[in-house]
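**Student:** Dropping the structure in here first, questions after.
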Amino acid sequence: MSSLFSLHGKTALITGSTRGLGFAYAQGLAAAGASVIINGTQEIHLKNALEKLQNQGVNARGFLLNVADEAAVEALFTQLDAENVQVDIVINNAGIQFRKPMLELELSDWQHVLDINLTSAFLVARAAARRMVSRQSGGKIINIGSLTSQAARATVAPYTAAKGGIKLLTKSMAAEWAQYNIQSNAIGPGYILTDMNQALVENAEFDRWVRNSTPSGRWGAPEELIGTAVYLSSQASNYVNGQIIYVDGGWLATL
Ligand code: GCO
């Protein structure tokens, strides 16, 4: 039974993983036995995250790149190819938030969020899947959605559109890649205590809304996402494809 969730011998690439949920996924998959490749766009955060992981005895390495940049993504995978590093698991976690009413939104703001939160998932998954197919190894693609993959709230339209896209992109990946023994699924975190949400936590009205809207009556913690990430990264989910699992304290289960 213990091998069902083991990631020993596997290498996982987690995008946007120097802090918050991405870093929690990296720690969790490493604890399950995976070697991890983390990513960020700020050198100091990447350095700090790598040090933490390596001090925990994790086989970790890091790459500084914008995963919405096709050339940078292809260069990363070309380097990994040259080093015979096989990416078995991808967690497409990179994402930004941009809170502004649509009437005031600039196209550049919209495009930037869609690039980081949706297009990057396509670029990284495509690069990984091409190699999984050519080496006939199969693999795991896990895209990170949101409650906004299912329902909207005002002032976060580009994020919501991107996360809705993540849900259906995941199903598209399942439709095309299941035949190659690649399982593509998504995780939909609820309101989780992360740096990205700090301003919301500190807003008493918003904090009250989250606690009253979540049957669990509280915000989630990043480590509460790890079990689902390990499950979807492991052989325990080999017959699960195209699904999104909401880890939301019950939010979407209730009116
Ligand atoms: C917001 C939040 C949300 C959460 C999460 C909820 O501004 O409403 O940032 O987007 O981060 O996505 O599932």
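The values are calculated or read from the model by the stated rules, or taken from the named source; none is laboratory data. Computed from a predicted model, the values in this text were never measured in an experiment. Here the Cβ positions follow ideal geometry from the backbone for every residue, glycine too, while neighbour counts run over all protein chains shown.
**Student:** Could you list, in sequence order, the residues of the stretch 167-189 that are buried (at least 22 other Cβ atoms within 10 Å of the Cβ), in contact (Cβ under 8 Å) with a residue 60 or more places away in the chain and closer than 27 Å to residue 101 by Cα?
**Tutor:** Residues satisfying the conditions are 187, 188, 189.
**Student:** Within the stretch 1-50, can you find the residues that are among the aliphatic types (A, V, I, L, M), assigned to a loop (DSSP other than H, G, I, E, B) and buried (at least 21 other Cβ atoms within 10 Å of the Cβ)?
**Tutor:** Passing the criteria: 7, 34.
**Student:** Follow-up. Restricting to the stretch 117-133, and then to whatever is hydrophobic (A, V, I, L, M, F, W, C) and within 16 Å of the ligand (Cβ to nearest atom), can you tell me which residue is surrounded by the most Cβ atoms within 10 Å (Cβ to Cβ)?
**Tutor:** 121
**Student:** What are the residues in the stretch 203-232 that are more than 14 Å from the chain's Cα centre (by Cα) and of a type in the set (Val, Ile, Thr), if any?
**Tutor:** 210, 214
**Student:** Of the residues 136, 150, only one is within 16 Å of the ligand (Cβ to nearest atom) and at pLDDT 95 or above; which?
**Tutor:** Just one listed residue meets the conditions, 150.
**Student:** Turning to a different aspect of this structure: Just to be sure, is residue 114 surrounded by fewer than 20 Cβ atoms within 10 Å (Cβ to Cβ) and either at pLDDT below 95 or not acidic (Asp, Glu) (or both)?
**Tutor:** Yes: the conditions hold for residue 114.
**Student:** Look through the stretch 27-60, keep the residues that are in contact (Cβ under 8 Å) with a residue 60 or more places away in the chain and under 15 Å from the mean Cα position of the chain (by Cα), and return whichever of them is nearest to residue 132 (Cα to Cα).
**Tutor:** The residue in question is 29.
**Student:** Also, I was wondering about something else. Residues 90, 67, 85, 58: which one is among the aliphatic types (A, V, I, L, M) and closer than 21 Å to residue 158 by Cβ?
**Tutor:** Testing whether each residue is among the aliphatic types (A, V, I, L, M) and closer than 21 Å to residue 158 by Cβ leaves just 67.
**Student:** Could I ask something else about it? Among the listed residues 156, 201, 210, which satisfies the condition of being more than 27 Å from residue 140 (Cβ to Cβ), without any contact (Cβ under 8 Å) to a residue 40 or more places away in the chain, near the ligand (Cβ under 10 Å from one of its atoms) and not polar (S, T, N, Q)?
**Tutor:** When all the criteria are applied, what remains is 210.
**Student:** Out of all the residues in the stretch 61-70, is one or more touching a residue at least 12 places away in the same chain (Cβ under 8 Å), within 25 Å of residue 228 (Cβ to Cβ), loosely packed, with under 15 Cβ neighbours inside 10 Å and under 20 Å from the mean Cα position of the chain (by Cα)?
**Tutor:** No, there is no match, as no residue in the stretch 61-70 is touching a residue at least 12 places away in the same chain (Cβ under 8 Å), within 25 Å of residue 228 (Cβ to Cβ), loosely packed, with under 15 Cβ neighbours inside 10 Å and under 20 Å from the mean Cα position of the chain (by Cα).
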